[in-house]
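Structure, as structure tokens:
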Amino acid sequence: MLAVKTPSRLLLCCGLAAALGQAASQPVAAAAASAPATASSAPEHPHRGHVVEIRAARVRSLSEQMNQPAEALRQSCRFESDIATPPPPGLVSLSFDDGPEPGATEAILALLDKHQVPASFFLIASKAQRHPELAALVKAHPRALVGNHSWSHPNFHDIPAVRQASEVERSDATLAALQAPKLFRYPYGNASCEANADLQQRGYRIVGWHVDSCDWAFDKTGSIDAHEAKICGVDKANREHFIDHVVAAVKARRGGIVLMHEIHPNTLAKLDTLIERLLAEGFRFAPLNAAEFEPSLR
């Protein structure tokens with residue numbers, strides 16, 4: 001259960017929810033012609049198709065990264081996923097994509113309170129528009145940062161530049177008032193030079209990850225098959241142990257930004273124990289706007 005909010009927290013949540021609804025209703029003139037859907041008709045992030053989409057995107061990304069020189073990949077701006085810069089030793093920053101998700105968002109915030117640790121929430125703007133009270137709740141929480149995860153969660157490798165611009169513009173119009181600092185994470189970590197320039201012009205820092213929890217692969221049964229373990233880099237010993245995988249990956253990097261998702265029940269079920277394990281291993285938690293993580297942001 002979430003702790004009861006003070007009157008000031010309630011007022012702040014209500015005010016932010018109203019502001020979010022007002023900002024989201026304002027037209028985005030430059031993008032309107034190419035917008036993928038109206039505010040009322042934009043589809044919810046598809047839970048059932050999510051694993052299939054992530055698996056396909058990961059396989060394509062790995063194939064491309066294995067078959068192209070590193071410098072060519074860097075110049076192409078196609079990937080803003082795995083962070084090459086070493087993380088600050090001993091520091092962990094939790095991040096959750098694909099929210100806000102009714103029930104899940106509140107549960108995660110309650111765990112942040114329980115353990116007194118921070119986290120970042122990269123929200124899909126069309127979902128934030130549907131659930132402004134949840135977006136405002138994240139904004140009002142003293143240990144949470146709001147990040148931008150695009151308007152409708154497309155793969156930027158599969159859409160033209162004009163649609164990419166629309167995704168950035170519409171999501172910025174909806175979420176900018178909730179963000180300080182302005183943080184953006186690409187769906188699937190798939191980027192473009194044009195979108196990077198657009199985001200940076202709007203004052204965004206682009207955020208990847210040091211550790212991919214691969215919670216999408218563990219979610220259905222709590223275990224991961226050999227093929228997906230190879231895609232995710234999960235050791236054979238940890239294929240049936242989500243928490244062990246994440247802890248081992250964090251220890252291997254000596255800390256870092258951890259990618260997870262609000263929409264996977266297994267992640268929520270294991271999060272309490274995961275935080276306890278990382279604390280027991282001696283890791284400290286810090287928000288993405290901590291000075292120590294500055295070199296890890298683009």
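Just one of S192, S171 is on the phi < 0 side of the Ramachandran plot, free of Cβ contacts under 8 Å to residues at least 60 places away in the same chain and among the hydroxyl-bearing types (S, T, Y); which is it?
Only one candidate passes the filter, namely S171.
Pick out the one residue from A229, A237 that is in contact with an Asp or Glu (Cβ under 9 Å, 6 or more places away or on another chain), assigned to a helix (DSSP H, G or I) and either hydroxyl-bearing (S, T, Y) or crowded, with 18+ Cβ neighbours inside 10 Å (or both).
A229
Restricting attention to the range 199-216, and to residues there that are part of a helix (DSSP H, G or I) and either among the hydroxyl-bearing types (S, T, Y) or in contact with a Phe, Trp or Tyr (Cβ under 9 Å, 6 or more places away or on another chain) (or both), which single residue is surrounded by the most Cβ atoms within 10 Å (Cβ to Cβ)?
Selected residue: D215.
Checking P86 against (1) closer than 26 Å to N266 by Cβ; (2) modelled with pLDDT of 95 or more, only one condition comes out false. Which one?
Condition (1) is where P86 drops out.
For the range 240-280, how many residues are over 22 Å from P86 (Cα atoms), of a type in the set (D, E) and surrounded by fewer than 18 Cβ atoms within 10 Å (Cβ to Cβ)?
3
Filter the range 260-298 down to residues that are without any contact (Cβ under 8 Å) to a residue 40 or more places away in the chain and either of a type in the set (S, T, Y) or in a strand (DSSP E or B) (or both), then give me how many there are.
1
Give all pairs with beta carbons closer than 6 Å in which a residue from the range 127-156 that is over 15 Å from A180 (Cα atoms) and touching a residue at least 40 places away in the same chain (Cβ under 8 Å) meets a residue that is assigned to a helix (DSSP H, G or I) and among the basic types (K, R); count only pairs at least 6 apart in sequence or on separate chains.
W151/R170
Restricting attention to the range 82-106, which residues are surrounded by fewer than 20 Cβ atoms within 10 Å (Cβ to Cβ), touching a residue at least 40 places away in the same chain (Cβ under 8 Å), part of a loop (DSSP other than H, G, I, E, B) and not β-branched (V, I, T)?
P86, P89, G90
The values are calculated or read from the model by the stated rules, or taken from the named source; none is laboratory data. Owing to the predicted nature of the structure, the values given are computational and were not obtained by experimental measurement. FYI the Cβ positions are ideal-geometry reconstructions off the backbone, even for glycines, and counts take in every protein chain you see.
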